[in-house]
Structure formats: structure tokens, C-alpha cells
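Engineer: Questions regarding the structure given below will be posed in turn.
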Amino acid sequence: MGFLRIRTTVDERPGRLASLAAALADRGGNILGLSVQSDAEGTVDEFVADIPAAPETVREALEAAGGRRVQVVPATAHELTDEPTRALLLASRLRSMPWRLPELLAELLRADDARWIYGEAVSDLPDPTQLVVPVAPKRAVRLRRAELPFTLTEAARAAAFARLAQPAPEQTTSERAIKLSDGVEVTVRPLTSIYREAVRDLHDRCSPESRRFRYFTAMPTLPPRLFDRLCDRNKGYSLVAGHDGQVVGMANLLFTPDPGIAEMAFLVEDRWQGRGLGTALARMLVRAAADLGYAEVKASMLSDNVKMRRLMISLGATLGYTDDPGVVEARLPVGAVVPV
């Protein structure tokens, strides 16, 4: 049949990608391109393949190999271009011609149609074949693509691409003051090695239950290696909240091997819990995840961690059980959280 673009949702299990590749090979397929994306229903594998089999035959083979929501559409040789190179070339064109944002977004995501929308229509649409990319409070670009629904990863790419067409933001300091529900103000800063002793003191002041909720064990001391990992910008992004010379809360965004997904966790001193600090830190982490190009954040928590469950639900996360009956996982698309 020639070139095909094949997309399938898969469970996150070792060997699943190999099973799909083997199913394509059994049908005489030669995989020429592969991308892995995140979506609300799971991980999405997308192939561009030169394959003689009919689309329906390919779909049935991938479903038998464990694929879900398999979609097969025709592709062209043009789609075999190196994707990072293509995105960089489009970004270069956008910087010189920002008024062509809709057209270039359509090219980036291979959409059928793209146009400006204004006013109330800027709100997100439930149709997965449409994607609304906010550009200003009452202005956005609406994309349509009939054959392949948009994924969360593509939504994150579009949002990052659209930011290139916007004026550079004013320079802001790396620290931010936030006011809690009782009127007390704390200062939030990026975590660096200079906070080693302050974070150790925070850890010591927290109750065994608070430490257990954070680390899944009471952990009487904070290992130096763990602190160094939390400070490593190649492995994540962390914040500390301070008041009156003490660190009273810490929030961690940890990069994962799963493309498009980061994981967040919190440790807040007991007497500072229930005052809105955790929610404020969570919103800041989600914004950081969006700026870093992530489409989704997740959080693993013990099933009896009621406060964390309530926090994630309040942000719009969905909860699901894991293979461990004592652990619950929350998943939150970064676009679901309204910035503060």
C-alpha cells in the first residue's frame, strides 16, 4: 500500500513496543519513523512505516499485539523528515513572521485547518479532533484534524510553539512571595545546595506521618544523595518555601523516563499544612512542567494520604489504582490547571 501513519494507545508495560514492531514486521512493514507521546488514555506510539498490507490488516495486527484505539491513515514521503529539524525550521519562520502562527501551527501538527478564534470561543472544546491553543486571554488558534485526534503531548508542543510568537515576558526574579489563606506570606525560591541544612531541619521538624506520606517510609534522616538529586537540574526542578529564616515546605518535580510526563511530590511542615501552601506549590510546579515542555504530571501517594488526594482532585487530576493496593496514582494534564 505504501507509506502509512499508524497510531495506537498502549499499556505501559515492558516489551509492548517490541510486540507492536514485531506485528508490523510480520506484515512486511519497514518502520521509518517512531514517536512516543502521552495522552489521557495512556502512552501513544506513532509509527510511519512503508508497509504493503492494507490499513485494515495493519489495524487488526496491532490490536492483536495489544494496541488500543489503533488508527491507520495514509502518509507521504514528506513526513519522513527529521521531526526536530522540521520543528526548528518552523520556529525560525515563526520568529520572523509571527502573524502566520495559525498556518505554521497547522504545519507543525499536520492539521487540516487552523484559524484564529476570539472571545468566549477560546475555551477548550471537548472534541478530540479539535485543539484550541491559547495565545491571549480572549484569543486563540483552533486546529482541526479529522483522522487523528490530538494528544496531550501535541497540545504541549503547540503551546510551546505559540509562545515563540508572543512578546518576551518581563524579567522576573527567581523568588516569589505568596500569601496563604490565613494572610501569612511565604517566599518561594528554587532549591539549591545552599538550603541543605534548612531542608534537613525541615525534615527533622516534620512528623513521622508526614515523612511517610512523602517518602513511603518514615525515613528518620534525609540521605545526602537524595538531597543532591533533588538539586540536580538534569533530574528535576524543586522549590522551597521559606518564612522567618526557616524552610517550611519543599516541592519537587522529578523527570521520568516516560516521555512527556513528570512526577511531583511535596513535604510541608505539619503546622503549615491546611493553609494553602501545598496547593500554591503544586500550581507553580505544574507551570514549571509546562515551561519545560511536559504534557502531564503525575503523583504517587499512599492510599491513606487524604490531604494529597484532595489537593490533586482540586487541581483537576484523575486518580487510579496501581499494582500496589496501598498506592494511588494521580494524573494531571498541565493544561487543566489555571495559572495563578
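Engineer: Restricting to Cα pairs below 8 Å that are 6+ residues apart, what does the relative contact order work out to for region 1-136? Please round to a whole percent. Walk me through the numbers before you get to the answer.
Structural biologist: Numbers: 179 pairs, mean separation 33.3, N = 136.
The value is 24 percent.
Engineer: OK, next. Restricting to Cα pairs below 8 Å that are 6+ residues apart, what does the relative contact order work out to for region 212-318? Please round to a whole percent.
Structural biologist: Details: 123 pairs, mean separation 23.2, N = 107.
Relative contact order of region 212-318: 22 percent.
Engineer: What are the semi-axes of the equivalent ellipsoid for region 177-310, taken as the square roots of 5 times the Cα gyration tensor eigenvalues, largest first, in whole Å?
Structural biologist: Details: eigenvalues 84, 59, 53 Å².
Value: 20, 17, 16 Å, ordered largest first.
Engineer: A further question follows. With the Cα gyration tensor of region 2-89 giving a ≥ b ≥ c as the square roots of its eigenvalues, does the rule (a/c under 1.5 for rounded; else a/b larger than b/c for prolate; else oblate) give rounded, prolate or oblate? Walk me through the intermediate numbers first.
Structural biologist: Working: a/c = 1.86, a/b = 1.16, b/c = 1.61.
In terms of gyration-tensor shape, oblate.
Engineer: While we're on this one: Which residues among region 274-305 fall inside the zone where the amide N is under 18 Å from a point 7 Å beyond the Cα of Val327, along Cα→Cβ?
Structural biologist: 297-305
Engineer: Each label point is 7 Å from the Cα along the Cα-to-Cβ direction; what then is the distance between the points at Asp244 and Arg229, in nm?
Structural biologist: Between Asp244 and Arg229, the simple spin-label model gives 3.4 nm.
Engineer: By per-residue mean of other Cβ atoms within 10 Å, what is the highest-first order of 101-111, 62-72?
Structural biologist: Values: 101-111: 19.9, 62-72: 17.8.
Averaged packing, sorted descending, gives the order 101-111, 62-72.
Engineer: Once the piece of chain linking Ser35 and Ser96 is laid out straight, how much longer is it, given 0.36 nm per residue of separation minus the C-alpha distance between them?
Structural biologist: Values: separation 61, 0.36 × 61 = 21.96 nm, distance 2.84 nm.
Residue separation times 0.36 nm, minus the Cα-Cα distance, leaves 19.1 nm.
Engineer: Expressed as a rounded percentage, what relative contact order does the chain have, with Cα pairs under 8 Å and six or more residues apart? Can you show the working numbers first?
Structural biologist: Numbers: 597 pairs, mean separation 38.1, N = 340.
Contact order relative to length: 11 percent.
Engineer: Kindly provide the Kirkwood hydrodynamic radius of the chain in Å, to one decimal, from all pairs of distinct alpha carbon atoms. Please report the intermediate quantities before stating the final value.
Structural biologist: Numbers: mean 1/r = 0.0451 Å⁻¹.
Kirkwood radius, the chain: 22.2 Å.
Readers should treat all values here as calculations from the given coordinates under stated rules, not as data from a laboratory. The structure displayed is predicted, hence computed values, not measured ones. We place every Cβ from the backbone using ideal geometry, glycine too, and count neighbours over all the protein chains shown.
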